[in-house]
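A short write-up of the structure that comes next.
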Amino acid sequence: MLKILGRVTSINVRKVLWTAGELGLAYDREDWGMPIRDPKVPEFLALNPNGQVPVLIEDGFVLWESNAILVYLAEKDGGGALLPADLQLRATVLQWLFWQATELNPPWGYAVNALVRKTPGYDDEAKIADSIARWTRVMEILEGHLEKGEAFVAGAQFTLADIAIALSVHRWFLTPFERKGLPAVSDYYERMKEREAGKPWMGAGTP
Ligand SMILES: N[C@@H](CCC(=O)N[C@@H](CS)C(=O)NCC(=O)O)C(=O)O
C-alpha cells in the first residue's frame, strides 16, 4: 500500500492525492507539515532531508519532490493519458510541471502567507504588492498560452501538467486580492473544477 506523508492544505500534497485519485490508487495518508506536525524532526528528515511534504513511501522506496512523485505514479501505471508516451507530448507535460515548480510557485509565497495563512511577520505591504506583481506576471504567461485555445495545458488531453497547474490556478482565485482579469485562465479553472478526481482537492477550505 502506498503511503503519502503530508497535510492536505499543501498544494504539493494535493497534487499527489489528485494523481492517485486519477489512477485509482489506494493509499494511506499521514498528516505531516506545519502547523499540524513538524517535519523538521529526525524521523522525518531521514525520509526527506528538506523537511518538506509530500513524501511517498512504497515498500521501503522513498520519494520526495511532488512533481517527481506525479511522474513516478503515472509511469508505474504505464504512463497512459496522464503522461503520454509520445516524446514531444511527454516533454511538453514535463515542461509545464517544471515551470509550475520553478516559475509559478515561488512568487506567490509572500502574498499567500500574508493574505491566506495570516502568518505572523508577513505584513509588509510593499512585499505583498511585489509578490502579487510577480505572481501576476507568470499568470499572464499562462493566460497567453491558454488563450491559444487548447483545452488543457499540454494540448488536447488532460495530463499531469493540469493537476499541478489547476491547483495553482485554484490558489490564484482563492487568495483574497484584487487580481487581474485573465479570461482564458478563468475558463480553464471552470473546466478543471469539473474533473471528478480533482473535486476533493479544489475546495473552498484548501486554497
Ligand atoms: N519542491 C517541493 C516543495 C515542497 C514544499 O514546499 N512543501 C511545503 C508545503 S507546500 C512544506 O513542506 N512546508 C513545510 C511544512 O509544511 O511544514 C515539492 O514540490 O515537493
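What follows is calculated from the coordinates using simple rules that are stated; it is not laboratory data. The structure displayed is predicted, hence computed values, not measured ones. Heads up, the Cβs are rebuilt from the backbone with ideal geometry, glycines too, and the neighbour counts pull from every protein chain shown.
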(request) Provide the gained length on full extension for the span Asp38 to Lys148, in nm with one decimal, where the gain is 0.36 nm per separating residue minus the Cα-Cα distance. (result) 35.3 nm
(message) With loop defined by DSSP as not H, G, I, E or B, and exposure as at most 10 other Cβ atoms within 10 Å, which is the longest segment of the chain clear of exposed GluC sites (Glu not before Pro)?
(response) 1-177
(message) What does the C-alpha gyration tensor say about the overall shape of the chain? Classify as rounded when a/c is under 1.5, otherwise prolate if a/b is larger than b/c, or oblate.
(response) oblate
(message) Whole-Hz ³J(HN,Hα) for each residue in segment 144-149, computed from phi via Karplus 6.51 cos²θ - 1.76 cosθ + 1.60 with θ = phi - 60°, x for glycine and proline: what do you get?
(response) x, 6, 5, 6, 6, x
(request) Could you list the residues of segment 115-159 with an amide nitrogen less than 20 Å from a label point located 7 Å from the Cα of Ser186 in the Cα-to-C-beta direction? (result) 133, 135-153
(request) Mind checking segment 41-129 for trypsin sites (Lys or Arg not before Pro) that DSSP puts in a loop (not H, G, I, E or B) and that have at most 11 other Cβ atoms within 10 Å? (result) Lys118
(request) Mind giving me the nanometre distance, one decimal, between the label points for Leu89 and Gln157, set 7 Å out from Cα along Cα→Cβ? (result) 0.3 nm
(request) Over all directions, average the projected area of the Cα convex hull of segment 121-177 and note it in nm². (result) 4.6 nm²
(message) How far apart, in nanometres, would the label points at Leu45 and Glu75 be if each is projected 7 angstrom from Cα along the Cα-to-Cβ direction?
(response) 3.0 nm
(request) Equivalent ellipsoid semi-axes for segment 22-64, as square roots of 5 times the alpha carbon gyration tensor eigenvalues: give them largest first, rounded to whole Å. (result) 20, 13, 8
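Just check segment 60-133 against the gyration tensor rule for me: Cα atoms, a ≥ b ≥ c as the square roots of the eigenvalues, rounded for a/c under 1.5, and otherwise prolate or oblate depending on whether a/b exceeds b/c.
Numbers: a/c = 4.45, a/b = 2.21, b/c = 2.01.
It is prolate, given that a/c is not under 1.5 and a/b is the larger ratio.
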(message) Under 4 °C and 1.567 mPa s, how fast does segment 1-105 diffuse according to Stokes-Einstein, given a Kirkwood radius computed over C-alpha pairs? Answer in µm²/s, whole number.
(response) 91 µm²/s
(request) Using the Cα centre as the reference, give the magnitude of the dipole from point charges on the C-beta atoms of the chain (Lys, Arg: +1; Asp, Glu: -1; all else neutral), rounded to the nearest 20 debye. (result) 320 debye
(message) Can you show me the helix-derived [θ] at 222 nm for the chain, built from DSSP H runs with n ≥ 4 at -39,500 (n - 2.57) apiece and divided by the number of residues, rounded to the nearest 500.
(response) -14500 deg cm²/dmol
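Between rounded, prolate and oblate, where does segment 154-207 land on the alpha carbon gyration tensor, with a ≥ b ≥ c its root eigenvalues, rounded for a/c under 1.5, else prolate if a/b exceeds b/c?
On the way: a/c = 2.09, a/b = 1.26, b/c = 1.66.
Oblate is the answer for segment 154-207, as a/c is 1.5 or above yet b/c matches or exceeds a/b.
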(message) Set the bar at 22 Å for Cα to Cα. Now go through Lys148/Lys193; Lys3/Lys76; Lys3/Lys40; Lys118/Lys193; Lys15/Lys76 and name every pair that lies beyond it.
(response) Lys118/Lys193
